[in-house]
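Asker: One structure follows; several queries about it will come next.
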Amino acid sequence: MRVLAVVLLAAACAAAAAVASGGGGGGELPEFREAPAFRNGAACAGAPTIHIAMTLDATYLRGSLAGVLSVLRHAACPESIAFHFVASSTSPARRLAALRRALAAAFPTLPATVHRFDARLVRGKISSSVRRALDQPLNYARIYLADLLPRSVPRVLYLDSDLLVVDDVARLWATDLGPDAALAAPEYCHANFTSYFTDAFWRHPEYAAVFANRTRVPCYFNTGVMVIDLDRWRAGGYTAKLEYWMEVQKQEARIYELGSLPPFLLVFAGEVKAVEHRWNQHGLGGDNVAGQCRELHPGPVSLLHWSGKGKPWLRLDAGRPCPLDALWAPYDLRRRRGARDDLLAAVA
């Protein structure tokens, strides 16, 4: 614990020194420094390609780049990882070009493809939620990965843009989905599952009956970290099933409050292949209203997830970071005058 405290303090001091100016004024993207190059070793010969999907937009760009750096930094075979970035079709060509330049500046040799998500697919299907960020069309792009990615990609690891991977992602990628599961994620069966839906949902016998014949007891899972079998997803028609519940919410009754999460619970809860909790230490951004500081859950950590309102880059820029934000700061690739370029030493 004393060593961790020293690391936290050192990283926090370095981050505070680096936070000198606001970001992206006037709609312009900040500049990013080039990340270190990570190479495969001899043992990586024949290693399978790991496909990772993330969103790409101006609001979460710093988070996305930090997440990519964390994946590469801790991977045994970093050159065997292919990234698929999903950008909104509503982004102007100039903004999309700027996003591509930022990505190339940070990772010049990264195997990456940018896919355009047609925001019209969810037009008329999104209802307001407790936080505006949850209502953005790109937040729903994860529903359409089976359509966006080529058929040559049979499996994908979806990662949110507000997390760090601090373990070899190949371990998560190798999750055995068994004979039937289309999706794997950490489950949290201690959470109050009923609270994710409104009273109107539970009073409606046909709605509530959706959970009656699940393989296991339905439990909450966070959709920011998911291993998805795209072939099984397509065969099961899961995109249409998720869209169905979005249409129920929009046209029939208000059955939930939390953006794209509840449709996933309605379709997959009780059918998810469980993954160790270490792969999603979520909630570090606090709740969806106040975004207060949180501590780590007990147990080992392979992935830190700042889900919730509070994002580490915003709290650091404001000079009001939470203690755990110091763990994110060394992965921030934003270029600042006078900032050190060797912050990775804090977590080496």
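Asker: Is it possible to state the helix-based mean residue ellipticity at 222 nm for the chain, with each DSSP H run of 4+ residues giving -39500 (n - 2.57), the sum divided by total residues, to the nearest 500 deg cm²/dmol? What is it?
Answerer: Numbers: 12 runs with 102 residues, N = 348.
Helix contribution divided over all residues of the chain: -8000 deg cm²/dmol.
Asker: Could you please state, rounded to a whole Å, how far the C-alpha centre of region 285-309 is from the C-alpha centre of region 251-273?
Answerer: Comparing the Cα centres of region 285-309 and region 251-273, I get a distance of 21 Å.
Asker: Oh, and also: Quote the relative contact order of region 176-260 in percent (integer), defining contacts as alpha-carbon pairs under 8 Å separated by 6+ residues. Let's see the in-between values first.
Answerer: Working: 67 pairs, mean separation 38.4, N = 85.
Normalised by residue count, the contact order of region 176-260 is 45 percent.
Asker: In percent, what relative contact order does region 125-267 have, based on Cα pairs under 8 Å that are 6 or more apart in sequence? Present the calculation step by step, with values, prior to reporting the outcome.
Answerer: Details: 158 pairs, mean separation 57.3, N = 143.
It comes to 40 percent, rounded to a whole number.
Asker: If you don't mind, another one. Under 10 Å, Cα contacts only: if you run a Gaussian network model on the chain, which one of A105, A326, A253 comes out with the highest mean-square fluctuation?
Answerer: Answer for the Gaussian network model of the chain: A253.
Asker: Take every Cα-Cα pair in the chain and report what % of them are more than 37 Å apart. Provide the component values of the computation, followed by the final result.
Answerer: Details: 9649 of 60378 pairs.
Here the tail beyond 37 Å accounts for 16 percent of pairs.
Asker: What's the longest piece of the chain with no exposed GluC sites (Glu not before Pro), counting a site as exposed if DSSP puts it in a loop and it has at most 16 other beta carbons within 10 Å? Don't skip to the answer; put the middle values down first.
Answerer: Numbers: sites that count: E28, E31, E34, E252, E271, E276, E295.
The segment 35-251 is the longest one with no such site.
Asker: Then there's this: Among S80, P312, L284, whose Cα lies farthest out toward the positive end of the dipole of the chain, if unit charges sit on the beta carbon of Lys, Arg (+1) and Asp, Glu (-1)?
Answerer: My answer, from the dipole projection, is P312.
Asker: Could you give the distance between the Cα centres of region 61-103 and region 144-166, to the whole Å?
Answerer: With region 61-103 and region 144-166 each reduced to a Cα centre, they are spaced 12 Å.
Asker: In what order, largest first, do S128, S307 sit by accessible area if the probe radius is 1.4 Å? Spell out each step's value before the answer.
Answerer: Values: S128 75, S307 20 Å².
Listed by decreasing accessible area, they come as S128, S307.
Asker: Among L164, V248, V267, flag the residue with its Cα farthest along the positive direction of the charge dipole of the chain, charges on Cβ as +1 for Lys/Arg and -1 for Asp/Glu.
Answerer: The one lying farthest along the dipole's positive direction is L164.
Asker: If you average the sequence gap of Cα pairs under 8 Å that are 6 or more apart and divide by the length of region 50-331, what percent do you get for the contact order?
Answerer: Numbers: 488 pairs, mean separation 59.9, N = 282.
Over region 50-331, the number comes to 21 percent.
Asker: May I ask you to list the trypsin sites (Lys or Arg not before Pro) in region 192-227 that are in a DSSP loop and have at most 14 other Cβ atoms within 10 Å of their Cβ? Present the calculation step by step, with values, prior to reporting the outcome.
Answerer: Numbers: sites: R203, R214, R216; in loops: R214, R216.
Sites meeting the loop and neighbour criteria: R214, R216.
Asker: Quick check on the chain: of the DSSP beta bridges with both residues there, what percent are antiparallel, nearest 5%?
Answerer: On the way: 13 of 31 bridges.
Percent antiparallel among DSSP bridges in the chain is about 40.
Asker: State to the nearest 20 debye the size of the charge dipole of the chain about its Cα centre, where the only charges are +1 on K and R beta carbons and -1 on D and E beta carbons.
Answerer: 740 debye
The values are calculated or read from the model by the stated rules, or taken from the named source; none is laboratory data. As the structure is a prediction and not an experimental result, all values here were calculated from the model. With ideal geometry, Cβ positions are generated from the backbone for all residues, glycine too; neighbour counts draw on all protein chains shown. Accessible surface is based on the protein model in full, side chains and every heavy atom, while ligands, DNA and RNA are left aside. Shrake-Rupley method; radii C 1.70, N 1.55, O 1.52, S 1.80 Å.
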